[in-house]
Amino acid sequence: MVAAAKGVNALRMRDFMTPDVPTLHPGDSIKRAVEIFRQTRLDGIPAVDENGKLTGLLTKVNLYDAILEGCSLDRPVSGFLTRKVVTVEMEAPYRYVENVVKTSPVGMGVVVDGHNRVRGVFTKVDMIMALFRRADLLNARLKAVYQAMHNGLVSVDRSGLITLLNPAAESLLGVMEEAVLNSSAEQVLPGLNFTEVMETGRVEIGKKCMVAGRALLVNFTPVIDRGRTSGAMAILQDLTELEKVAAELESVRTLQHTLRTVLDIAYDGIVVVDKDGCITFVNQSLADFFGLDPQEAIGRHVTKVLENSRLHIVARTGVPETGQLQQIRDGYYMVSRLPIVENGRVVGAVGKMMFRNLEEIREMARRMDSLENQLNYYRTELEKKGSTYYTFDSIISVSSAVIQLKQEALQAARGTSTILVQGESGTGKELFAQAVHAASPRRSRAFVKVNCAAIPEHLLESEFFGYAPGAFTGAQRGGKPGRFELANGGTIFLDEIGDMSPGLQAKLLRVLQDKEFDRVGGTRPIQVDVRVVAATNRDLEGLVSRGEFREDLFYRLNVIQLTIPPLRERPEDILPLVHYFLRKYNEIFGTRVTDITAETLGILSGYHWPGNVRELENIIERAVNFASGGVIQVKDLPAYLRGDKPGQEGPPPGGNYRDRLGGAEREIIVSALKASGGNKTKAARMLGISRSRLYEKLKKLGI
Ligand SMILES: Nc1ncnc2c1ncn2[C@@H]1O[C@H](COP(=O)(O)OP(=O)(O)OP(=O)(O)O)[C@@H](O)[C@H]1O
């Protein structure tokens, strides 16, 4: 059915005529004509001459006339032919033929070719069949359209009964067509109201309807048949989907705007070209630098706008060129050109140009270097000058032992006697030392701290006493004052005194006894007025009894002894310390973590605190970072406190990589310290690291 597939307007006579009909010749008898009528269903038989050209038509009426005249069956038909025959050429279009048939009294015609030779006939039946085929075709097309339509389609007849519901409507409304065909739309699809379109016969566009729980945008169209509304159709569009698309479009627009703004305020120049090397974007910095109007630059080939540009080459080859120097006008600039690749194809290139002239960058680097040097200088100077920022008010405690200790320390602060602060690591020994200095008449002078464990052994002496000019190769030309000199008039805090070598112990004893010492390589003794506060977490008396610490020095140091109890012996301090550290870290981080759950506090209270207050402080600092909702919960504690053990079966151990690494490091160090009986020098040796490195790790891990 090629013809049918063409559509009715494209139909030609040849497509729907009855071809190869029998014909009569002038000499043929009436009998012959009767036989042909008897064999075919024709209403007329074309008559032709010897060349096959049409000469007339013998209709059934002509035949009846001949019979009524009583003529013999042997008579030739020529005397009875209709001579005025309706003829149509093979190529005549359907519409033309339709018109001919409507006006023809015979109701049929003869199809001829360009030489008037008979090729067939056409009848009203042929026309009707063609129309049927046309209707079938239209129907098939219509069906294909509404089946494939993205929008839903519901059609009703004049009584509001559903006549059609396409697959898109089925999925939108959640009903199957066969279940609702011939049902009242009003009843099965409440909300989809056809009343108005049926009453007015007018199209209604963009009505919002709520049908089957879905927000729809509906267009109602009447179906008009011979001037009367014979039904209506509704085209449905899902509003939620529309809104989603609109929201996506909006966010893409916002993103585009944001990106454009970012690119425009970027200090560097940015230019983008398409695959042909034509500019599609220029940021404001680049436009300003080259004096361009971005709008004018867009669309032009990059080589016509920017001198020496190679961006079009990168857009063609896809080979990036990064960090290249390019001379532009009288300066050199750093440029990078990168291809833009989409689905594996180069679709353009982006060029970035650093506007700081390289000399300017070098100058900036020089200035930064010099600032850094200055900063280091002032930092060291400040350290030399020494200062404290903790006072007795900074020592938080509700435990009677610590309160009493604070009172004793306050009293001791007024004098000049040497103080020995003892206590486990992290109990606040330095805090006490600073508080003593701040409460003493020396508060306006230097507080100098020396960590006897953190300074490498061979440097200890020069750190303590300084060195004379030219004392050793590499020494500063004018010599260098030691910490004792720097602390003159103030306080020297000798932390980790238990780790001091025997040689240095003797020299320290001399300072304490005679208030004088020699610089390394010096010849003149230097007199100083320094108050010594020493601290240790080791059992000094034990060291003395084992001969590892000079007894005379011990007695010199131990004039006033302050022994700070470990945190596990004063659990009542945990809560006030937690709140104190919360305030401290909220201030530092700008957070608002103000509370801790009872369960978390329970864990903290039950813990044995080997790292004492420092460990608690580290834990709170960490938890403030992790906490949500302003309250510290168990999940904010490190894994080793939550009770998770690394390597356990079940859920993965909590904490991130750093936490877990810290946990493992802590275990290693704690066991080494246990094995060495708390002797850090020994522990460091066992672990194969320097004493100062061990010390750093203890601080970091809050042990
Ligand atoms: N009672 C306290 N109130 C407030 N903060 C405290 C208290 N005790 C200790 N800290 C804090 O704990 C941390 C450790 O204190 P500090 O350095 O004084 O301990 P330490 O005993 O000298 O430790 P180490 O023996 O390791 O040198 C510091 O940040 C300190 O401010």
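Against the chain, whose longest principal axis is taken from its Cα atoms, helix 612-626 shows a tilt of about 20°. Computed over all pairs of different Cα atoms, the Kirkwood value for the hydrodynamic radius of segment 271-354 is 12.7 Å.
Using a cut-off of 31 Å between Cα atoms, the listed pairs Lys635/Lys682; Lys429/Lys584; Lys143/Lys208; Lys244/Lys275; Lys507/Lys584; Lys515/Lys584 include Lys635/Lys682; Lys244/Lys275; Lys507/Lys584; Lys515/Lys584 as exceeding that distance. For the chain, the longest principal axis of the alpha carbon atoms and the long axis of helix 574-589 meet at an angle near 60°.
Run the numbers for Arg568 and Lys84: contour at 0.36 nm per residue of separation, minus the present Cα-Cα distance, in nm. Please report the intermediate quantities before stating the final value.
Details: separation 484, 0.36 × 484 = 174.24 nm, distance 12.89 nm.
Here the answer is 161.3 nm.
How big is Rg to Rh over segment 2-131, alpha-carbon atoms, Rh as the Kirkwood inverse-mean-distance radius? Could you put the intermediate results ahead of the total?
On the way: Rg = 15.1 Å, Rh = 15.1 Å.
Rg/Rh for segment 2-131 comes to 1.00.
Normalised by the number of residues in segment 2-131, the mean separation of alpha-carbon contacts (under 8 Å, six or more apart) gives a relative contact order of 32 percent.
Can you tell me the length gained on complete extension of the stretch Ser104 to Gln237, counting 0.36 nm per residue apart and subtracting the Cα distance?
Numbers: separation 133, 0.36 × 133 = 47.88 nm, distance 5.04 nm.
So the extension gain works out to 42.8 nm.
Considering only C-alpha atoms, what is the centroid distance from segment 551-625 to segment 191-265, in Å? Centre-to-centre (Cα) distance: 65 Å. With respect to the chain, whose longest principal axis is taken over its alpha-carbon atoms, helix 124-148 is tilted by about 10°. Under the rule a/c < 1.5 gives rounded, and otherwise a/b versus b/c splits prolate from oblate, where does segment 386-563 land using the Cα gyration tensor? Prolate, since a/c reaches 1.5 and a/b exceeds b/c.
What is segment 568-701's relative contact order, in percent, from Cα pairs under 8 angstrom and six or more apart in sequence?
Working: 111 pairs, mean separation 23.6, N = 134.
Relative CO of segment 568-701 lands at 18 percent.
How large is Rg/Rh for segment 149-242, to two decimals, with Cα atoms and a Kirkwood Rh? Mind dumping the intermediate values first?
Details: Rg = 12.1 Å, Rh = 13.0 Å.
Using Cα coordinates only, the ratio equals 0.94.
With +1 on each Lys and Arg Cβ and -1 on each Asp and Glu Cβ, and nothing else charged, work out how big the dipole of the chain is about its Cα centre, in Debye to the nearest 20.
Values: 89 positive and 84 negative charges, 214 e Å.
Result for the chain is approximately 1020 debye, rounded to the nearest 20.
Rg and Dmax of segment 568-701, based on Cα coordinates, read 15.9, 46 Å. A simple spin-label model places the labels of Thr195 and Glu667 7.8 nm from each other, with each point 7 Å out along Cα-to-Cβ.
If the segment from Arg414 to Ala675 were pulled out straight at 0.36 nm per residue, it would be longer than the present Cα-Cα gap by 89.9 nm. Between Ile224 and Ser399, the simple label model (points 7 Å from Cα in the Cβ direction) yields a spacing of 9.7 nm. Using equal-weight Cα scatterers in the Debye expression, the normalised intensity of the chain in log10 at q = 0.08, 0.09 Å⁻¹ is -0.96, -1.04.
Calculate the FRET efficiency for Asp276 and Ala247 from the Cβ-Cβ distance with a Förster distance of 41 Å, rounded to the nearest 0.05. Taking R0 as 41 Å, the efficiency between Asp276 and Ala247 is 0.75.
With K and R counted +1 and D and E -1, the other residues having a Cβ less than 15 Å from that of Val88 yield a net charge of +2. The relative contact order of the chain comes to 7 percent, based on Cα pairs under 8 Å that sit 6 or more residues apart. The residues packed around His301, meaning those with a beta-carbon under 14 Å from its beta-carbon, carry a net charge of +1 if Lys and Arg are +1 and Asp and Glu are -1. With contributions of -39500 (n - 2.57) from each DSSP H run of at least four residues, the per-residue ellipticity at 222 nm computed over the chain stands at -13000 deg cm²/dmol.
Extending 7 Å from Cα along the Cβ direction at Ser690 and again at Leu255 yields two label points whose distance is 5.2 nm.
DSSP beta bridges confined to the chain are antiparallel in about 75 percent of cases.
Taken together, the values in this text are just the output of simple stated rules run on the coordinates, not laboratory data. None of the values given here were measured: they were computed from a predicted structure. Backbone-built Cβ (ideal geometry, glycine too); neighbour counts: all protein chains shown.
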